[in-house]
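This report concerns only the one structure given below.
The values are calculated or read from the model by the stated rules, or taken from the named source; none is laboratory data. Only a predicted model underlies this, so the values are computations on that prediction, with no experimental measurement involved. Calculation scope for accessible area: heavy atoms of the full protein, side chains included, ligands and nucleic acids excluded. Shrake-Rupley method; radii C 1.70, N 1.55, O 1.52, S 1.80 Å.
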Amino acid sequence: MAFHWRIVHSSLGLFVFTTLACFPLSATKQSCFRKQDNFSSIPETWYNSNPHPTSGAILVLYHMVHTFLDMVQPNPFPTDLVKTFVNNKAEIEKNYEKILWYEVGFIVCAAIGLLFFILMPLVGLCFCCCRCCGNCGGEMYQEQTESTNCKRKTLAAILFLVTTVMLAGSVCMFVSNEKVTGSLQDSGTLLRITSENLKTYFRAIQTEVTAITVASTVPINSVTGNLDNIGSSLGVAIRQKLGETVDPALNSAFQLAQDIDEINNRLLLINSTAARLLHQQEVLEQNLTAIRQNINNIFNNCSSECVNDQDLVKDLHLLSNFNKVPNMDTEIEAMNLIANTNLYSTVQMGYKAFNDIPALLVNQSASTVSEMKKSIKDVQVQITNVTKDFPILSSINSVIDMIDNITAPIYIHLPQVQQGDKYRWIVGIVLSCIILLVVLCNYLGLLLGTMCLKPNVDPTERSSLSNNGGRLFMVGVGFSFAFSWILILLVFIMFIVGGNVYSLVCKPWYNGELFQVIESSGLTDNLNLAQSLGLQNTNLTISSVYNHCQKNMSVWKVLNLAQTFNLDEHLNLNKYTGDISSEFDKLDVNLSGIVLLDKKGKKTVKDFLNTGVSDLNFTSISKQLSMPLFKKNLHVTAEKLQINSKTAPEPFKTDLNNEAASLKELDSWIQSNMMPNIEILKGNIRNLQANSSHIQVNVNATLSKVDSAQTLLHTKALGIIKSESKIFLDCQLDSLIAYVNWTKTMITENLARCRPVADAFDSVETITCSYLLDSLNAFWFSLGWSTIFLIPSIIFAVKLAKFYRRMKTSDLYDNGDSQFEMNPLQQ
């Protein structure tokens with residue numbers, strides 16, 4: 001049991017030492033950062049929702065207005081005229097023909113409106129006088145023909161259609177009037193959201209640049225941490241590389257120490273087992289001698305009455321002789337001397353000295369690491385300087401102030417404008433109601449006239465409701481003449497203003513032509529965008545900035561910052577990496593003090609060869625142990641004895657059976673006591689023979705490996721240290737280079753993507769053109785088409801009124817006769 005525990009202990013020790021030797025290699029390999037990509041990302045900036053262009057059914061009305069204005073003004077944008085006006089206002093008078101040609105569409109419409117404005121009151125006055133004189137439909141007499149009903153229905157249908165068109169215009173007036181007010185009321189909030197988004201964008205530039213430079217803490221901390229833990233990184237890497245040669249040598253020595261313990265234990269066990277077998281052999285021979293004597297006495301006394309089988313007695317002689325197993329006290333004494341030198345402890349010291357390489361590196365590289373960390377701090381300062389020197393950062397506050405200065409007057413006057421818009425809204429409602437009043441007169445006249453007119457009734461006897469329907473037509477005509485000239489005047493004013501703003505501002509804004517015209521005309525000469533942003537030697541235009549920002553490009557590309565800021569120079573780490581490399585070249589680790597196996601250990605290994613174990617005659621011993629104890633098994637002899645007893649008389653029969661029982665009992669004792677010891681002895685002899693057969697080879701191999709490993713530590717270790725140090729240094733520098741490359745990509749590709757700037761421009765365009773101007777243009781367009789349709793409304797209302805009103809003179813029609821009889825005028 002003790003032997004088994006010692007074997008287990010030795011195996012466990014080998015496992016522990018092997019694990020200690022190999023674990024650092026697998027768990028702490030050098031880690032390189034050549035593909036470092038886990039830097040902090042640029043913080044995301046959140047913006048409020050920008051105004052969206054108008055949507056819904058009203059877009060159909062807006063499209064109609066745009067189509068109409070495009071027809072009125074099909075000419076391209078007057079770039080030359082704008083340039084002339086900006087550069088020399090006096091020259092504009094010489095180009096009046098170009099101005100008139102450009103505005104010819106508006107002039108024609110204005111002429112039509114002017115004619116309408118002049119003629120409608122005059123025609124209304126003349127019509128009124130004519131009616132008072134009984135003409136122009138004023139005579140209350142209607143000629144009756146076969147086509148009278150058809151004419152009435154046709155006129156009613158036409159007037160219904162015209163009135164419906166006017167009603168649609170009136171509805172559009174109400175809707176667009178509300179749109180103007182709603183847009184104006186919301187414009188302050190929308191403009192504030194737009195300006196805040198723009199200011200948020202400029203503030204985010206500072207935040208994003210800071211975030212990019214702060215990301216340098218990732219590689220800086222990584223490199224600093226690796227330097228602080230240089231033992232667990234570089235030290236372990238060096239130990240791993242050297243361990244390719246050293247570990248097999250130490251493991252071989254450890255295995256040899258284990259073999260020494262095991263052989264020593266085997267020798268002790270063989271000696272003790274052999275001693276037990278010798279004692280058991282003496283006991284066995286004593287018992288066998290007694291049994292043989294008893295059987296011979298029985299056979300001699302029984303004489304001729306018993307079968308005297310002398311061969312049976314001869315089978316009871318012991319064949320094996322354990323005295324021939326050699327005594328191993330000499331070998332055991334020699335092995336004890338070797339075991340007492342404790343080769344295990346010597347190998348442990350070698351393991352410890354070799355595994356202390358990381359700690360040795362830390363102690364010997366303290367000054368070098370300190371200098372390298374100073375250089376790393378200089379790198380961090382250099383990267384931080386990018387934040388201080390980066391262009392436009394110093395002008396961000398002035399840009400934000402400029403935005404505030406532009407929007408401040410709008411915020412100041414906007415409440416007054418919104419307050420004044422209430423009166424405009426009231427005027428718009430009144431104008432819409434005027435058209436609606438004419439529409440209602442026409443619809444009520446059609447309703448009363450159509451529903452209450454009996455076609456076969458005499459015109460002089462038409463009902464009051466029908467008569468009132470005709471009168472409503474005339475009321476509508478009166479309102480049309482009374483207000484149409486005012487309406488057309490307002491349409492004319494709003495048309496000239498709104499139409500030209502659309503053609504000169506919004507339309508070129510839609511197609512991107514406005515910025516180009518503004519820049520080419522010299523309007524922005526006093527606005528130096530590059531100077532406002534604190535940039536030098538950079539030519540920036542509003543159109544280029546807007547176009548690039550629509551593509552969501554970075555501020556680096558939009559503002560051409562490469563012309564004013566040398567990013568490569570600010571992020572040039574060659575100087576610092578050179579300092580780091582030169583400091584690291586000073587690193588020198590001396591491993592000459594490491595002894596893998598001292599002289600005492602080597603002497604123990606060599607003495608192992610002189611113990612005599614390998615000289616033992618294992619063949620003779622094995623041959624002796626393989627011999628049987630008896631020629632025949634005692635149990636077989638006992639059975640033969642029992643068979644012979646059957647023919648013997650008493651008391652010899654009983655005596656023979658007793659001796660047979662004694663033999664069986666002795667056989668059982670042999671099987672339970674001697675045979676296990678014999679098997680143990682055989683097994684130990686075999687194991688000892690197997691282990692001792694390789695002693696010479698193992699000892700020579702171990703000494704050779706240890707000498708080679710020790711030579712490596714003394715001669716080639718410095719080269720390995722330099723090589724691993726170069727790999728370690730490259731890893732640290734690569735992490736810094738990876739950061740620099742990441743920084744350049746972030747700044748040139750992702751920093752302050754300026755889509756919010758383009759959105760701000762688009763928002764201003766949406767508020768000005770889509771919300772305010774389109775609504776205003778839709779209002780005058782609806783008012784204009786309703787006013788124009790007052791003319792056919794007047795004509796058909798006047799013609800249709802006589803078909804519904806009660807006549808004072810009748811015109812009878814006799815079927816089959818072509819003569820009409822006039823009845824006297826009834827008073």
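Sorting M675, M71, M166 by accessible area puts them as M71, M675, M166; the probe is 1.4 Å, largest comes first, and only protein heavy atoms count.
Largest first, the residues D585, D70, D259 sort by 1.4 Å accessible area into D585, D70, D259. Legend: residue pairs K352/K586; K151/K799; K352/K705; K241/K722; K603/K682, Cα-Cα distance threshold 20 Å; pairs beyond threshold, K352/K586; K603/K682. Ranking V501, V427, V439 from most to least accessible surface, computed with a 1.4 Å probe over the protein chains only, gives V427, V501, V439. Over all Cα atoms in region 379-454, the spread is summed up by Rg and Dmax: 31.4, 104 Å. One equal scatterer on each Cα of region 222-265, no solvent, Debye formula: the resulting log10 I(q)/I(0) at q = 0.24, 0.25, 0.33 Å⁻¹ is -0.78, -0.80, -0.99.
Along region 557-571 the Karplus relation, 6.51 cos²θ - 1.76 cosθ + 1.60 evaluated at θ = phi - 60°, assigns HN-Hα couplings of 7, 5, 9, 6, 5, 4, 7, 10, 9, 8, 5, 4, 5, 6, 10 Hz to successive residues, with x for each Gly and Pro. I'd like the distance between the alpha-carbon centres of region 237-292 and region 383-432, rounded to an integer number of Å. About 98 Å separates the Cα centre of region 237-292 from the one of region 383-432. Along region 759-773 the Karplus relation, 6.51 cos²θ - 1.76 cosθ + 1.60 evaluated at θ = phi - 60°, assigns HN-Hα couplings of 5, 5, 4, 5, 5, 4, 4, 5, 5, 6, 8, 6, 8, 7, 5 Hz to successive residues, with x for each Gly and Pro. Semi-axes of the equivalent ellipsoid for region 592-751, computed as √(5λ) from the eigenvalues of its C-alpha gyration tensor and ordered from largest down, come to 78, 27, 10 Å. Applying the Karplus relation 6.51 cos²θ - 1.76 cosθ + 1.60 with θ = phi - 60° to region 603-611 yields 3J(HN,Hα) values of 5, 4, 5, 5, 5, 4, 6, 9, 7 Hz, where x marks Gly and Pro. Taking the Kirkwood radius as Rh and the Cα radius of gyration as Rg, region 341-472 has a ratio of Rg/Rh equal to 1.86.
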